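*Asks:* Mind looking over this structure? Questions follow.
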Amino acid sequence: MFLPFSPPPYPSLFPVFLLLLLFLPPSLVSPSLTPLSWTSPHDPCYYLDGRPRHCLSEFINAAYGVPVNASFSQKAPDYDTNITALTDLHNPHNLTCWIAPRSPDTGEWVLTLPLGRRFEITYISLQFCYQGEPSDPISISILKSMDYGRTWRPMQHYSSDCLGKFGLPSQTVAQTRHQETEPLCSDPRPLQKQRGGMVLAFSTLDGRPSSPDFDYSPTLQDWVTATDIRVVFHQVSKDTKMAPASPFRAPLALSDLQVGGRCKCNGHASKCRRDDTGRAVCVCEHHTAGPDCDVCEDFYFDRPWHRATPTHPNPCVACECNGHSNKCRFSMEVFQQSGRRSGGVCQKCRHHTAGRHCQYCQNGYTRDHNKALNHRQACQPCQCHPVGAVGRWCNQTSGQCLCRDGVTGLRCNRCAPGYKQGKSPLRPCIRKFRRRKARIGRSYCSELLPECVSYCQPSQVKVRMNLETYCLKDYVLKVQVRGMERSGPWWQFSISVQTVFRTGSTSRVRRGPLSLWVPDRDLSCGCPALNVGRTFLLIGAEEGERGWGPEESRLVADRSTLALQWREHWSPKLRGFRGQDKRGRCPLKSPAAGHSQYLGEVTLSTICSLIEQLTQNPKQASASFSNCT
C-alpha cells in the first residue's frame, strides 16, 4: 500500500520542498501536503450535486520501500545490488547510509529504481551522508523509462563542465517550447544544506515555459510520466585524491532517495491502491477503466476517451440503446457525422429491435405505439394475412403490410373497392366484371377485361401445334410450381423441372429446382395462369420480351408463354416430338421478322388448338384450360 506523502518530520528539510513546489502547476500539487481525507461526505471526483469534476490521486513518495538496484560499470568486489537504506523511513537523527564499495578503477555507479507503474513525477531528490560542499567535479545524470526499463531517456544532467562532459550549454531554463522536453544541464552547486547532509533536488517542470498549462499539454504530461528512475554517477574514482570534506569521500555515500509524484490516473481518480496481485492501480471514476483510467469501461463508448482537465472533466458517456442492449462500440465515422456529439453503436439488440440505438424493429415486427420505446414489448410481430399479403413483412412504424393487387387494409385482410373475393391464392381479390361468351374455332373461351384481352390476345391468328410449331419454341418443359414471391414488378415462382422436352441453343435448363420470373402485369391478366402446387406444361421462347428479366440468365415466362395444366396422356406425343428433334427433323428457324408471327403473337386460340392437337378431343381440351368451355 502506498503511503501518502507528508512533510518531513524535521523542520530543516521542509524549505527544500517548498522551493520545489513554487515551480509546479496547481494540478501537480494539492492545496496542502497532507493526504486527502476520505472521511469527506462526497467523492472528490464529483461535485455535491453529482456532476463529475477533475480530481487528483494522492501525492506520495513513490520510492518509499522500493529496493534500489546498484551496479558499477567496472569489475568491483562483491556488493549488495538491492539497496533498501535509500528508500526506508528517513530519520535525520538516525541516518542509514549506503556507501559505494571501493574500487581501484574509475567507473560509473548506476542506481535504478523501479516504480512498478506509471507515475507523473514532480521531483527527484538525493541526500548525501556528509556535510560540506564538494570540491571535486560533480557529474550526475537522471534518466527515466516509460516502458518498465526497456528504453531510457535523460531528463537532467548535472556537471561543473556541461559542455565538455555532455555537449550541452549550462542553463536552467528551456529557451523554447521544443526544448522544454529535452534534458538540460547545469552546475548543481551550491547544494542545499540540510540536517543530515547535502541535498540535490530536481524538479521535472522547473524552467519549462508551458508548465502553467500542464493540464492542457500532452507533451509535458508525457515528459513527467515514468515507470522507472535511474541516477548515474559518472567518473566515481578511488578517494585518495579527494578533499576531506567531499561527499564522495567513501567514494560515494547516500542516505535518501525520494521520488515525489502521483499515480498517473489522467484526472479520473482520487485514489491509487494495490490490487490482489500487488500492482498499483487507480480507483477509476467517471466510468473509466484500466490501470491508468485511460479507457472507457464497457458500454460507455458514446464519446471517445479524453483526459480530465479542470475545465472539462470529460467523463465517459453510456451508449443510448433504449434498454435493449448492454453492449456497444465506438465509431469515429458516426461520431464525426453527428457533429462530434455521439459515436456509440449498439450491438446485439434484443426484444426484436435493431438500429444504432435499438430504436427500430426487426423485419417482421412493427412498433407498438402504446408502449414506451424502452419497453420489452415495444416491437410486436406483423399480423399480415397469409393470403392477402405478400410475405410476412410490414412497415416498422405503421404496421402496414405489403398487399397483393386488389387487396387493402392494414393487415391486407379485405378486398379493395371494385374488387371481389376470388378463388385463387395468387389473386385472392379480382375485379368485378361481366363475362360473355365468344366462339373461337371449335371451343368457347371467356373474354376477360378489355385491357387484358387486347394485351394477352393481340391477334386471332390460329396456329396449329405440329412438329414445325413445336420446333419454333425455345423450351418445352414439364414443371411443378412450389411457391411464389413478389419482387418489385416481377413475380418469382419456385418451380421443379420434372421433364425437359426441348431447350433452345442458348438455354441451359436442367431438371431440378429453378426460378421462373413472370411480369406482374402478365400474371394479373392470367397470361400465363400458374397455380402453386400444380403441374404445368410450359412452352415459351427466349426472344420476344425476354429483356424484361431481372437477369439475362434466368428463365422468364410472359404473355407469349403457354402454361397448360399437365395431362399424363400428353407425354407420348411430346416424347415423339423430342425424338424427331434429336434426329434432326426440326427445320431451321425462319428470320426474326417472320418468327414473330408464329411465336411473338400467341393467342388464346393457339392454346385451345394446342390442347386439341395433344388430346384429339375438344371436350378434354375445354376441361384442361379454365378459360375454355
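The values are calculated or read from the model by the stated rules, or taken from the named source; none is laboratory data. What you are looking at is a predicted structure, and each value in this text was computed from that prediction instead of being measured. Cβ: placed from backbone, ideal geometry, glycine included. Neighbour counts: every protein chain shown.
*Asks:* Please specify each residue of segment 379-436 satisfying the condition of being in contact (Cβ under 8 Å) with a residue 24 or more places away in the chain and more than 43 Å from the chain's Cα centre (by Cα).
*Replies:* Matches in segment 379-436: GLY406, ARG414, SER424, PRO425, LEU426, ARG427, PRO428, CYS429, ILE430, ARG431.
*Asks:* Within segment 147-161, can you find the residues that are more than 14 Å from PHE202 (Cα to Cα) and at pLDDT 90 or above?
*Replies:* ASP147, TYR148, GLY149, ARG150, THR151, TRP152, ARG153
*Asks:* Looking only at residues in segment 506-537 that are in a loop (DSSP other than H, G, I, E, B) and of a type in the set (A, V, I, L, M), which one is surrounded by the most Cβ atoms within 10 Å (Cβ to Cβ)?
*Replies:* That would be LEU530.
*Asks:* Could you list, in sequence order, all residues of segment 344-368 that are over 13 Å from ASN326 (Cβ atoms) and part of a loop (DSSP other than H, G, I, E, B)?
*Replies:* The answer is HIS352, GLY355, ARG356, HIS357, GLN359, GLN362, ASN363, GLY364, ASP368.
*Asks:* Which residue, of SER170, SER160, is more than 56 Å from the chain's Cα centre (by Cα) and not acidic (Asp, Glu)?
*Replies:* So the residue among SER170, SER160 that is more than 56 Å from the chain's Cα centre (by Cα) and not acidic (Asp, Glu) is SER160.
*Asks:* Count, please, the residues in segment 160-189 that happen to be over 21 Å from ASP222 (Cβ atoms) and either of a type in the set (D, E, K, R) or touching a residue at least 40 places away in the same chain (Cβ under 8 Å) (or both).
*Replies:* Residues that pass the stated criteria total 5.
*Asks:* Among the candidates ARG511, ARG534, ARG546, ARG559, single out the residue that is closer than 21 Å to PHE577 by Cα and either modelled with pLDDT of 90 or more or of a type in the set (D, E, K, R) (or both).
*Replies:* None of the others qualify; the one that does is ARG511.
*Asks:* Scanning for something within 19 Å of SER186 (Cβ to Cβ) and either in contact with a helix residue (DSSP H, G or I) (Cβ under 6 Å, 6 or more places away or on another chain) or at pLDDT below 90 (or both), does segment 90-106 turn up at least one residue?
*Replies:* Looking through segment 90-106, none of the residues is within 19 Å of SER186 (Cβ to Cβ) and either in contact with a helix residue (DSSP H, G or I) (Cβ under 6 Å, 6 or more places away or on another chain) or at pLDDT below 90 (or both).
*Asks:* Another question about this same structure. Taking into account only those residues within segment 187-219 that are out of contact with any Leu (no Cβ under 7 Å at 6 or more places or on another chain) and buried (at least 18 other Cβ atoms within 10 Å of the Cβ), which is farthest from ARG153 (Cα to Cα)?
*Replies:* The extreme case among them is GLY197.
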